[in-house]
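J.: One structure, as C-alpha coordinates, below. Some questions next.
The values are calculated or read from the model by the stated rules, or taken from the named source; none is laboratory data. Since the model is a prediction, treat every value here as computed from it, not as a measurement. Methodologically, a virtual Cβ is constructed for each residue, glycine included, from the backbone with ideal geometry; neighbour enumeration extends over all protein chains shown.
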Amino acid sequence: MSKNTEKRELPERSAQDKRDFKRELTEVVPHLRAFARGLCGRPDMADDLVQEALLKAWAAQERFEPGTSMRAWTFVILRNAYLTDMRRNRFRGEYDETVAERILTAPAGQEEPLHLSDLHRALLTLPPERREALLLVGAGGFSYEEAANICGCAVGTIKSRVGRARAALSSMMEDGDIPDRDLSDPAAHRAILEELDEVAAGRGEAAAGK
Amino acid sequence: MRMSTGYMQLMTSSKDESSPQKGLSKDEKIKGSDPEWTSSLKKLYDSVVDEPLPDSFKNLLSKFDETDRK
(Lines give C-alpha, C1' and ligand atoms only; values in the text may rest on other atoms or scores of the structure.)
Protein backbone atom coordinates (compact mmCIF):
# COMPACT_ATOMS: atom_id res chain seq x y z
CA MET A 1 0.00 0.00 0.00
CA SER A 2 2.87 2.33 0.63
CA LYS A 3 3.43 2.51 -3.09
CA ASN A 4 0.04 4.14 -3.40
CA THR A 5 0.81 6.96 -1.05
CA GLU A 6 2.92 8.76 -3.59
CA LYS A 7 0.97 11.25 -5.55
CA ARG A 8 -0.09 10.11 -8.95
CA GLU A 9 -2.83 10.93 -11.36
CA LEU A 10 -5.80 8.68 -10.95
CA PRO A 11 -7.51 7.98 -14.23
CA GLU A 12 -11.18 8.76 -14.51
CA ARG A 13 -13.20 5.62 -13.94
CA SER A 14 -15.98 4.78 -16.31
CA ALA A 15 -19.29 3.36 -15.19
CA GLN A 16 -18.14 0.07 -16.61
CA ASP A 17 -14.97 0.20 -14.50
CA LYS A 18 -17.09 0.76 -11.43
CA ARG A 19 -19.36 -2.13 -12.24
CA ASP A 20 -16.35 -4.34 -12.82
CA PHE A 21 -14.86 -3.26 -9.53
CA LYS A 22 -18.03 -4.11 -7.64
CA ARG A 23 -18.30 -7.47 -9.36
CA GLU A 24 -14.69 -8.38 -8.71
CA LEU A 25 -14.93 -7.22 -5.12
CA THR A 26 -18.00 -9.37 -4.62
CA GLU A 27 -16.27 -12.37 -6.13
CA VAL A 28 -13.32 -12.07 -3.82
CA VAL A 29 -15.29 -11.93 -0.56
CA PRO A 30 -15.25 -15.70 0.07
CA HIS A 31 -11.47 -15.65 -0.32
CA LEU A 32 -11.14 -12.76 2.07
CA ARG A 33 -13.19 -14.71 4.59
CA ALA A 34 -10.99 -17.76 4.19
CA PHE A 35 -7.78 -15.78 4.56
CA ALA A 36 -9.10 -13.90 7.58
CA ARG A 37 -10.31 -17.08 9.22
CA GLY A 38 -6.89 -18.59 8.81
CA LEU A 39 -5.19 -15.49 10.14
CA CYS A 40 -7.13 -15.02 13.30
CA GLY A 41 -8.88 -18.33 13.78
CA ARG A 42 -12.07 -16.79 15.04
CA PRO A 43 -14.94 -16.84 12.58
CA ASP A 44 -16.72 -13.85 14.12
CA MET A 45 -13.60 -11.73 14.31
CA ALA A 46 -12.57 -12.84 10.83
CA ASP A 47 -15.84 -11.69 9.34
CA ASP A 48 -15.60 -8.35 11.13
CA LEU A 49 -12.19 -7.92 9.58
CA VAL A 50 -13.46 -8.73 6.13
CA GLN A 51 -16.26 -6.18 6.48
CA GLU A 52 -13.73 -3.59 7.52
CA ALA A 53 -11.50 -4.50 4.59
CA LEU A 54 -14.42 -4.29 2.17
CA LEU A 55 -15.32 -0.83 3.39
CA LYS A 56 -11.74 0.30 2.97
CA ALA A 57 -11.47 -1.28 -0.45
CA TRP A 58 -14.67 0.41 -1.55
CA ALA A 59 -13.46 3.76 -0.31
CA ALA A 60 -10.13 3.29 -2.08
CA GLN A 61 -11.48 1.90 -5.34
CA GLU A 62 -9.95 4.70 -7.40
CA ARG A 63 -6.58 3.28 -6.50
CA PHE A 64 -7.31 -0.15 -7.81
CA GLU A 65 -5.79 -0.66 -11.22
CA PRO A 66 -8.27 -2.46 -13.45
CA GLY A 67 -6.81 -5.66 -14.79
CA THR A 68 -4.67 -6.37 -11.75
CA SER A 69 -5.47 -8.98 -9.15
CA MET A 70 -8.40 -7.96 -6.99
CA ARG A 71 -7.62 -10.79 -4.62
CA ALA A 72 -4.05 -9.63 -4.05
CA TRP A 73 -5.15 -6.01 -3.72
CA THR A 74 -7.84 -6.74 -1.16
CA PHE A 75 -5.61 -9.16 0.75
CA VAL A 76 -3.19 -6.30 1.37
CA ILE A 77 -6.05 -4.23 2.74
CA LEU A 78 -7.29 -7.10 4.88
CA ARG A 79 -3.83 -7.81 6.21
CA ASN A 80 -3.28 -4.16 7.11
CA ALA A 81 -6.65 -4.02 8.85
CA TYR A 82 -5.75 -7.14 10.80
CA LEU A 83 -2.39 -5.82 11.92
CA THR A 84 -3.82 -2.42 12.80
CA ASP A 85 -6.61 -3.93 14.85
CA MET A 86 -4.18 -6.16 16.63
CA ARG A 87 -1.88 -3.28 17.41
CA ARG A 88 -4.74 -1.25 18.79
CA ASN A 89 -5.29 -4.08 21.22
CA ARG A 90 -8.85 -4.16 20.11
CA PHE A 91 -9.18 -7.81 20.95
CA ARG A 92 -6.82 -8.08 23.85
CA GLY A 93 -9.09 -6.87 26.57
CA GLU A 94 -11.94 -8.94 25.29
CA TYR A 95 -10.48 -12.26 26.04
CA ASP A 96 -12.57 -14.29 28.39
CA GLU A 97 -13.38 -17.89 28.93
CA THR A 98 -16.90 -17.75 27.61
CA VAL A 99 -15.86 -16.17 24.35
CA ALA A 100 -13.12 -18.71 23.91
CA GLU A 101 -15.50 -21.51 24.70
CA ARG A 102 -18.13 -20.29 22.30
CA ILE A 103 -15.61 -20.06 19.52
CA LEU A 104 -13.88 -23.30 20.21
CA THR A 105 -17.19 -25.08 20.38
CA ALA A 106 -18.30 -24.55 16.83
CA PRO A 107 -22.05 -24.61 16.20
CA ALA A 108 -23.48 -27.87 14.92
CA GLY A 109 -22.85 -28.39 11.26
CA GLN A 110 -19.91 -26.04 11.25
CA GLU A 111 -17.53 -28.37 12.96
CA GLU A 112 -14.40 -29.11 11.10
CA PRO A 113 -13.51 -32.75 10.65
CA LEU A 114 -11.11 -33.75 13.38
CA HIS A 115 -7.96 -33.63 11.29
CA LEU A 116 -8.92 -30.22 9.92
CA SER A 117 -9.51 -28.76 13.35
CA ASP A 118 -6.18 -30.18 14.49
CA LEU A 119 -4.54 -28.55 11.53
CA HIS A 120 -6.28 -25.27 12.19
CA ARG A 121 -5.13 -25.38 15.78
CA ALA A 122 -1.58 -26.19 14.72
CA LEU A 123 -1.72 -23.32 12.22
CA LEU A 124 -2.68 -20.91 14.97
CA THR A 125 0.38 -21.87 17.00
CA LEU A 126 2.67 -20.55 14.27
CA PRO A 127 4.16 -17.08 14.54
CA PRO A 128 1.81 -14.81 12.59
CA GLU A 129 4.24 -13.93 9.82
CA ARG A 130 4.82 -17.58 9.06
CA ARG A 131 1.15 -18.35 9.33
CA GLU A 132 0.19 -15.70 6.81
CA ALA A 133 2.97 -16.76 4.44
CA LEU A 134 1.81 -20.35 4.53
CA LEU A 135 -1.81 -19.32 4.12
CA LEU A 136 -1.04 -17.23 1.08
CA VAL A 137 1.16 -19.78 -0.68
CA GLY A 138 -0.08 -23.09 0.67
CA ALA A 139 -3.79 -22.39 0.87
CA GLY A 140 -4.47 -19.31 -1.24
CA GLY A 141 -2.36 -20.51 -4.15
CA PHE A 142 -0.36 -17.30 -4.48
CA SER A 143 3.14 -17.49 -5.92
CA TYR A 144 6.05 -16.58 -3.69
CA GLU A 145 6.35 -13.33 -5.64
CA GLU A 146 2.69 -12.43 -5.15
CA ALA A 147 2.85 -13.31 -1.48
CA ALA A 148 5.96 -11.17 -1.08
CA ASN A 149 4.12 -8.25 -2.66
CA ILE A 150 1.15 -8.73 -0.39
CA CYS A 151 3.32 -8.85 2.73
CA GLY A 152 5.66 -6.12 1.55
CA CYS A 153 8.79 -8.19 1.98
CA ALA A 154 11.43 -9.94 -0.10
CA VAL A 155 10.66 -13.14 -1.98
CA GLY A 156 13.42 -14.93 -0.07
CA THR A 157 11.80 -13.91 3.18
CA ILE A 158 8.49 -15.43 2.11
CA LYS A 159 10.22 -18.63 1.02
CA SER A 160 11.95 -18.84 4.35
CA ARG A 161 8.74 -18.26 6.28
CA VAL A 162 6.82 -20.82 4.27
CA GLY A 163 9.62 -23.33 4.73
CA ARG A 164 9.70 -22.84 8.46
CA ALA A 165 5.93 -22.96 8.73
CA ARG A 166 5.85 -26.18 6.74
CA ALA A 167 8.54 -27.77 8.86
CA ALA A 168 6.77 -26.80 12.07
CA LEU A 169 3.38 -28.04 10.87
CA SER A 170 4.82 -31.27 9.53
CA SER A 171 6.41 -32.08 12.82
CA MET A 172 3.28 -31.17 14.76
CA MET A 173 0.99 -33.16 12.51
CA GLU A 174 3.27 -36.17 12.30
CA ASP A 175 3.84 -36.37 16.02
CA GLY A 176 0.27 -35.45 16.79
CA ASP A 177 1.79 -33.05 19.26
CA ILE A 178 0.14 -29.68 18.93
CA PRO A 179 1.14 -27.26 21.65
CA ASP A 180 -1.74 -25.76 23.49
CA ARG A 181 -1.13 -22.32 22.19
CA ASP A 182 -4.48 -21.27 20.91
CA LEU A 183 -7.16 -18.97 22.20
CA SER A 184 -8.06 -21.31 25.01
CA ASP A 185 -4.79 -20.44 26.67
CA PRO A 186 -4.61 -16.77 27.72
CA ALA A 187 -0.85 -16.76 28.15
CA ALA A 188 -0.31 -18.23 24.72
CA HIS A 189 -2.83 -15.84 23.23
CA ARG A 190 -0.91 -12.94 24.67
CA ALA A 191 2.35 -14.30 23.29
CA ILE A 192 0.82 -14.50 19.83
CA LEU A 193 -0.35 -10.92 20.06
CA GLU A 194 3.05 -9.76 21.15
CA GLU A 195 4.60 -11.42 18.14
CA LEU A 196 2.04 -9.63 16.03
CA ASP A 197 3.29 -6.32 17.31
CA GLU A 198 6.70 -7.17 15.98
CA VAL A 199 5.36 -8.02 12.57
CA ALA A 200 3.08 -5.03 12.42
CA ALA A 201 5.91 -2.73 13.35
CA GLY A 202 7.98 -4.16 10.54
CA ARG A 203 10.45 -5.70 12.91
CA GLY A 204 9.67 -9.22 11.83
CA GLU A 205 11.92 -11.38 9.79
CA ALA A 206 11.83 -8.93 6.92
CA ALA A 207 13.86 -6.45 8.90
CA ALA A 208 16.20 -9.09 10.23
CA GLY A 209 16.74 -10.71 6.88
CA LYS A 210 17.68 -7.75 4.73
CA MET B 1 23.24 -20.80 9.37
CA ARG B 2 22.90 -23.66 7.01
CA MET B 3 20.94 -22.00 4.29
CA SER B 4 19.03 -18.88 3.54
CA THR B 5 15.59 -19.98 2.47
CA GLY B 6 13.02 -22.44 3.66
CA TYR B 7 12.88 -23.94 0.24
CA MET B 8 16.56 -24.72 0.33
CA GLN B 9 16.08 -26.06 3.77
CA LEU B 10 13.53 -28.52 2.47
CA MET B 11 15.86 -29.65 -0.26
CA THR B 12 18.97 -30.09 1.80
CA SER B 13 17.65 -31.21 5.11
CA SER B 14 17.19 -34.69 3.64
CA LYS B 15 20.91 -35.32 3.91
CA ASP B 16 20.90 -35.84 7.59
CA GLU B 17 17.47 -37.36 7.96
CA SER B 18 16.74 -40.98 7.45
CA SER B 19 13.01 -41.06 6.86
CA PRO B 20 12.26 -43.25 3.84
CA GLN B 21 10.56 -40.48 1.87
CA LYS B 22 13.71 -38.45 1.64
CA GLY B 23 15.68 -40.73 -0.62
CA LEU B 24 13.70 -39.75 -3.69
CA SER B 25 14.84 -37.89 -6.77
CA LYS B 26 14.45 -34.15 -6.90
CA ASP B 27 11.10 -34.15 -8.67
CA GLU B 28 9.73 -36.96 -6.63
CA LYS B 29 10.84 -35.26 -3.51
CA ILE B 30 8.93 -32.10 -4.28
CA LYS B 31 5.79 -34.13 -4.80
CA GLY B 32 6.50 -36.89 -2.36
CA SER B 33 7.54 -34.64 0.47
CA ASP B 34 4.16 -32.95 0.40
CA PRO B 35 2.79 -34.12 3.71
CA GLU B 36 -0.82 -35.06 3.97
CA TRP B 37 -1.71 -31.89 5.81
CA THR B 38 -0.89 -29.69 2.82
CA SER B 39 -4.05 -30.84 1.09
CA SER B 40 -5.91 -30.39 4.36
CA LEU B 41 -4.69 -26.82 4.47
CA LYS B 42 -6.21 -26.17 1.07
CA LYS B 43 -9.37 -27.93 2.20
CA LEU B 44 -9.54 -25.73 5.25
CA TYR B 45 -9.28 -22.64 3.09
CA ASP B 46 -11.65 -23.93 0.42
CA SER B 47 -14.22 -24.94 3.01
CA VAL B 48 -14.55 -21.30 4.01
CA VAL B 49 -14.55 -20.14 0.38
CA ASP B 50 -17.42 -22.53 -0.30
CA GLU B 51 -19.51 -21.41 2.66
CA PRO B 52 -22.65 -19.54 1.68
CA LEU B 53 -22.10 -15.83 2.09
CA PRO B 54 -23.68 -14.53 5.32
CA ASP B 55 -26.40 -11.94 4.89
CA SER B 56 -24.25 -9.31 6.57
CA PHE B 57 -21.99 -9.35 3.52
CA LYS B 58 -24.82 -9.27 1.05
CA ASN B 59 -26.24 -6.29 2.90
CA LEU B 60 -22.94 -4.50 2.91
CA LEU B 61 -22.39 -5.08 -0.79
CA SER B 62 -25.85 -3.83 -1.67
CA LYS B 63 -25.25 -0.74 0.45
CA PHE B 64 -22.25 0.01 -1.74
CA ASP B 65 -24.53 0.25 -4.74
CA GLU B 66 -26.82 2.68 -2.94
CA THR B 67 -24.00 5.01 -1.95
CA ASP B 68 -22.76 4.91 -5.51
CA ARG B 69 -26.01 6.16 -6.94
CA LYS B 70 -26.16 9.18 -4.70
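J.: With the requirement that a residue be of a type outside the set (Val, Ile, Thr), more than 29 Å from A:Asp118 (Cβ to Cβ) and not in a helix (DSSP H, G or I), what does the range A:29-77 give you?
T.: A:Ala60, A:Phe64, A:Glu65, A:Pro66, A:Gly67, A:Ser69, listed by residue number.
Conditions (1) surrounded by fewer than 16 Cβ atoms within 10 Å (Cβ to Cβ); (2) at pLDDT below 85; (3) among the charged types (D, E, K, R), marked per residue:
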| residue | (1), (2), (3) |
| --- | --- |
| A:Ser2 | yes, yes, no |
| A:Glu6 | yes, yes, yes |
| A:Pro11 | yes, yes, no |
| A:Thr26 | no, no, no |
| A:Ala34 | no, no, no |
| A:Leu54 | no, no, no |
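J.: Are any of the residues in the range A:90-107 away from every other protein chain (no Cβ under 12 Å) and at pLDDT 75 or above?
T.: For the range A:90-107, residues away from every other protein chain (no Cβ under 12 Å) and at pLDDT 75 or above: absent.
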